[in-house]
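Okay, structure first, notes after.
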Amino acid sequence: MTPPSRRLLLAALALLAEGLHLGWEALHGGIVIHHLLQRADMPGLHNAWGLLIVPALAAWAAGRLPRPGAAPRAWWPVALGFALPLLLGGALSLTFGLQAQAATEAVFFSLLLLSLLLPAHRPESLLGFVLGMSWTFGALIPTAVGAVIAVLSWLLRGLARRAWRLARPVRPVRRA
């Protein structure tokens, strides 16, 4: 399968999944609108935005997939980069839905700490995070939160790498 067809396939699967999610919402009380600061007099963010956001994220993340026939270990970074944010996003949604504020805060701050240690700025990580949270918050809010986390991860990991290079001792050049 060529890379453009993989992108289209993953985007189509994401569109189907999001369509099923929104169809379920529509049949169970209507598609949810999340108001800013949870106040009805503030502007609302409609979950239908997921029909645009989730397939676009899936197509973007498909660019990180290893080529067909690649060694199995080439899949591990992408799989882990998708699965860990998916689980953390799901845990964040679950604890928020259960109104367990202390657990929600613990999961969120664990997520922030992990984003400094692991490359959370990659597209598969953002897609996993959005999918993990979309069943509670829709796709728009997790995309915004995930984008902020991704930018912080990218900046702080870059600064740490630069500081590490500057802190290493310079080796003298040997002349023959």
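The values are calculated or read from the model by the stated rules, or taken from the named source; none is laboratory data. In this text, all values refer to a predicted model and were calculated from it rather than measured experimentally. All Cβ positions, even for glycine, are placed from backbone atoms using ideal geometry, and neighbour counts span all protein chains on display.
Suppose we filter T104, T143, T136 for residues that are outside any loop (DSSP other than H, G, I, E, B), within 18 Å of L37 (Cα to Cα) and within 12 Å of the chain's Cα centre (by Cα); which single one remains? Spell out how you get there, then give the answer.
Numbers: T104 fails: within 12 Å of the chain's Cα centre (by Cα); T136 fails: within 12 Å of the chain's Cα centre (by Cα).
Criteria check complete, one pass: T143.
Could you check P66 against (1) part of a helix (DSSP H, G or I); (2) of a type outside the set (A, V, I, L, M); (3) surrounded by 11 or more Cβ atoms within 10 Å (Cβ to Cβ) and say which number it fails?
(1) is the only condition that P66 fails.
Scan A83, A48, A58, A11 and give me the residue that is within 17 Å of the chain's Cα centre (by Cα), in contact (Cβ under 8 Å) with a residue 24 or more places away in the chain and more than 30 Å from L113 (Cβ to Cβ).
A11
Per-residue answers, yes or no, for (1) surrounded by 13 or more Cβ atoms within 10 Å (Cβ to Cβ); (2) within 28 Å of G158 (Cβ to Cβ); (3) touching a Ser or Thr at 6+ places or on another chain (Cβ under 7 Å); (4) modelled with pLDDT under 90:
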position	(1), (2), (3), (4)
G19	yes, no, no, no
H46	yes, no, no, yes
L57	yes, yes, no, no
P77	yes, yes, no, yes
L86	yes, yes, no, no
S93	yes, no, yes, no
T104	yes, no, yes, no
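Do we have any residue at all in the stretch 49-59 that's under 19 Å from V145 (Cβ atoms) and not in a helix (DSSP H, G or I)?
In the first step, residues of the stretch 49-59 are kept if they are under 19 Å from V145 (Cβ atoms); the result is 49-50, 52-54, 56-58.
Then drop every residue that is not not in a helix (DSSP H, G or I), which leaves none.
Within the stretch 49-59, none of the residues are under 19 Å from V145 (Cβ atoms) and not in a helix (DSSP H, G or I).
Scan the stretch 127-136 residue by residue and report those that are surrounded by fewer than 24 Cβ atoms within 10 Å (Cβ to Cβ) and hydrophobic (A, V, I, L, M, F, W, C).
W135 - this is the single residue of the stretch 127-136 that is surrounded by fewer than 24 Cβ atoms within 10 Å (Cβ to Cβ) and hydrophobic (A, V, I, L, M, F, W, C).
When you scan the stretch 142-162, how many residues do you find that are modelled with pLDDT under 90 and either surrounded by 15 or more Cβ atoms within 10 Å (Cβ to Cβ) or closer than 25 Å to A91 by Cβ (or both)?
2
When the stretch 114-125 is examined, which residues are found to be aliphatic (A, V, I, L, M) and buried (at least 24 other Cβ atoms within 10 Å of the Cβ)?
Selection gives A120 alone.
Applying the selection to the stretch 14-50, what residues are more than 30 Å from A62 (Cα to Cα) and out of contact with any Leu (no Cβ under 7 Å at 6 or more places or on another chain)?
Correct list: L27, H28, G29, G30, H35, L36, L37, Q38, R39, A40, D41, G44.
Would you please list the contacts, defined by Cβ atoms under 6 Å and residues six or more apart or on different chains, that run from a residue in the stretch 104-119 that is touching a residue at least 12 places away in the same chain (Cβ under 8 Å) to a residue that is among the aromatic types (F, W, Y)?
Filtered contacts from the stretch 104-119: T104/F96.
Kindly establish whether L140 is under 19 Å from A59 (Cα atoms) and touching a helix residue (DSSP H, G or I) at 6+ places or on another chain (Cβ under 8 Å).
Against the criterion (under 19 Å from A59 (Cα atoms) and touching a helix residue (DSSP H, G or I) at 6+ places or on another chain (Cβ under 8 Å)), L140 qualifies.
Which residues, taken from the stretch 6-17, are modelled with pLDDT of 85 or more and surrounded by fewer than 17 Cβ atoms within 10 Å (Cβ to Cβ)?
Selection gives L8, L9, A12, L13, L16, A17.
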